[in-house]
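All remarks here apply to the structure that follows.
The values are calculated or read from the model by the stated rules, or taken from the named source; none is laboratory data. Just so it is clear, the structure is predicted and the values come from calculations on it, not from any experiment. A quick note on method: Cβ atoms are made from the backbone with ideal geometry, for glycine too, and the neighbour counts reach across all protein chains shown. The area values use the complete protein model at the heavy-atom level, side chains included, leaving out ligands, DNA and RNA. Shrake-Rupley method; radii C 1.70, N 1.55, O 1.52, S 1.80 Å.
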Amino acid sequence: MKIKRIAHLGVVVKSLDEALKFFTGGLPLKMTHTEDYQGMRIGVIPVGESSIELLQDVSGSSAVKNFLEKNGEGIHHIAFEVDDIYQATAELKEKGVRLIDEAPRPGAHGMTIAFMHPKATHGILMELVQPSEESH
Ligand code: CMX
């Protein structure tokens, strides 16, 4: 498995609009696009070769809802870009690393993704991503 870069840091926020006042008003950054994905509103803010992915729950039952209730706003996950996500998940499985997604699945922004379980990664939710031609 080859990890190429940190693709993004996922940050859970209560309100994307409110958070942008700091991330693009306070910091000299720009949001390049938003996407509605599985009950979340996601805002992507490039930072060099990586980005910050702001995640707002809009459905009341998304994957970030529990996290926000338990922990409040903050860093939710770190995503690594790999060159071959099928090979990467197979390798991790073989090494006994607990995966949330045993098989890679379609994620936001046209990426193929797979999450490892935070109990297997020293308390950090980690995602593997592999961009496709349509990814942004
Ligand atoms: N970072 C670190 N630990 C986390 C965590 C996170 N983001 N989310 C949950 N945990 C920990 C909890 O603290 C809990 O630990 P304890 O048992 O010690 O209390 C344990 O993991 C289980 O958490 P939970 O709240 O009981 O269970 P959830 O129903 O919230 O499920 C998880 C947690 C990680 C399995 C689930 O959120 C998941 O499947 N996540 C993957 C998908 C995802 O997060 N998508 C959102 C990002 C958008 C995208 O897809 O890019």
**Q.** Residues with amide H under 5 Å from that of K4, placed H, sequence gap 5 or more
**A.** E81, V82, D83
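Rg over Rh of segment 6-62, using C-alpha atoms and the Kirkwood radius, what does it come to?
Details: Rg = 10.9 Å, Rh = 11.4 Å.
Over the Cα atoms of segment 6-62, Rg/Rh equals 0.96.
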Q.
Within the chain, how many Lys pairs that are eight or more residues apart, or on different chains, come under 22 Å at the alpha-carbon?
A. 13
Q | Projected label distance in nm at K4 and I78, using a 7 Å step from Cα toward the beta-carbon | A | 1.9
Q | Using distinct alpha-carbon pairs, which all enter the 1/r mean, Kirkwood radius of the chain in Å | A | 15.3
Q: Would you mind working out the accessible area per residue for the chain, using a 1.4 Å probe, and quoting it in Å²?
A: 56
Q.
Just to be sure I understand the model, the point goes 7 Å from the Cα along the line to the Cβ. What's the resulting K14 to N71 distance in nm?
A. 1.8
(Q) How far apart, in nanometres, would the label points at V97 and H117 be if each is projected 7 angstrom from Cα along the Cα-to-Cβ direction? (A) 1.5
(Q) How tilted is helix 85-94 with respect to the longest principal axis of the chain? Cα atoms for both, answer in degrees (0 to 90, nearest 10). (A) 60
(Q) If I compute solvent accessible area with a 1.4 Å probe over the protein chains, what percent of it on segment 27-82 is carbon and sulfur? (A) 51
